[in-house]
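Working notes, beginning with the structure itself.
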Amino acid sequence: KPVEVNDEFSKKVFKDYLDRIDGGRRWITQEQLTQLAPFQTLLDDEAAAGSYQFFDKSLAILDEGIAKTKTFYQEILAKPFDFTKSEQLELDFEKKEFAKNDVELKEYWIKSLKYDVMTKLASKLRGQKDGDEKLVGKTEAELEADVRKAVLKNYDDLFKRIDKLKRSDRLSDYLNSIASLYDPHTVYFEPKDKED
């Protein structure tokens with residue numbers, strides 16, 4: 001059944017693309033989304049015209065968000081966490097909203113990293129209790145510092161992978177947001193990926 005390429009189609013592409021580039025709601029804020037909102041019903045027109053104005057704007061916003069959060073995680077993991085506070089963190093990304101602004105986005109990163117450290121620390125403490133030789137004799141503060149160092153390395157590795165992404169990788173996400181609306185088996189491949 002042919003899909004009608006109209007404003008409704010455009011809205012679906014807009015939503016799908018945002019989910020592809022920031023499904024975890026870790027990079028982009030609602031403040032930044034206001035810059036993209038005018039494109040919500042224009043993506044069908046851009047596709048017909050062969051224009052990438054929305055994509056270019058979204059890429060600039062995404063790059064800005066990634067650069068900003070790179071400083072967040074490094075700063076947050078530089079000091080121990082206080083696990084005595086009662087806090088909540090939404091782990092279901094389908095329920096999670098975009099942060100309103102940078103302050104709220106940083107707060108999400110603090111809670112998210114704290115959760116990562118806390119779960120890994122709990123595992124280390126269980127291992128210590130069970131007699132794991134590598135963990136016996138270490139204080140909880142030493143274990144927490146070791147865990148923060150390991151989490152920092154994980155995020156360093158993640159951001160290195162993100163930094164290697166090219167414009168064409170991001171363009172694939174955008175074009176697949178369009179193609180997938182036709183049916184779930186319609187996919188755009190970069191020439192190199194198609195060849196592979």
As an exercise: evaluate Asp163 against (1) acidic (Asp, Glu); (2) more than 30 Å from Met118 (Cα to Cα); (3) surrounded by fewer than 16 Cβ atoms within 10 Å (Cβ to Cβ) and give the number of the one condition it does not meet.
(2)
Among the residues of segment 143-176 satisfying the criterion of being among the acidic types (Asp, Glu) and touching a Lys or Arg at 6+ places or on another chain (Cβ under 8 Å), which is farthest from Gln128 (Cα to Cα)?
Asp173
Can you find even one residue in segment 92-104 that is without any contact (Cβ under 8 Å) to a residue 12 or more places away in the chain, open to solvent by 90 Å² or more (accessible area, probe 1.4 Å) and β-branched (Val, Ile, Thr)?
yes
Listed by range, helices (runs of 4 or more DSSP H) wholly within segment 88-196 having at least 2 residues that are among the aliphatic types (A, V, I, L, M) and out of contact with any Leu (no Cβ under 7 Å at 6 or more places or on another chain) are 102-129, 140-164, 167-179
Going through segment 9-34 in order, the residues found to be charged (D, E, K, R) and either touching an Asp or Glu at 6+ places or on another chain (Cβ under 9 Å) or over 17 Å from Leu181 (Cβ atoms) (or both) are Arg20, Asp22, Arg25, Arg26, Glu31
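Each row is one residue, and each column tells you yes or no for (1) hydrophobic (A, V, I, L, M, F, W, C); (2) modelled with pLDDT under 95; (3) within 25 Å of Leu165 (Cβ to Cβ).
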| site | (1), (2), (3) |
| --- | --- |
| Trp27 | yes, no, yes |
| Leu59 | yes, no, yes |
| Asp63 | no, no, yes |
| Asp92 | no, yes, no |
| Lys106 | no, no, yes |
| Ile110 | yes, no, no |
Considering only segment 166-196, state which residues are open to solvent by 60 Å² or more (accessible area, probe 1.4 Å) and touching a residue at least 60 places away in the same chain (Cβ under 8 Å).
Arg167, Tyr182
Within segment 129-148, tally of residues that are without any contact (Cβ under 8 Å) to a residue 24 or more places away in the chain and under 20 Å from Phe72 (Cα atoms):
1
Name the residue that is least open to solvent (accessible area, probe 1.4 Å), counting only residues in segment 105-149 that are among the β-branched types (Val, Ile, Thr) and under 20 Å from Ser86 (Cβ atoms).
Val117
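The values are calculated or read from the model by the stated rules, or taken from the named source; none is laboratory data. Remember, it's a predicted structure, so these values are computed and weren't measured experimentally. Cβ: placed from backbone, ideal geometry, glycine included. Neighbour counts: every protein chain shown. Side chains included, ligands, DNA and RNA excluded: accessible areas come from the protein's heavy atoms. Shrake-Rupley method; radii C 1.70, N 1.55, O 1.52, S 1.80 Å.
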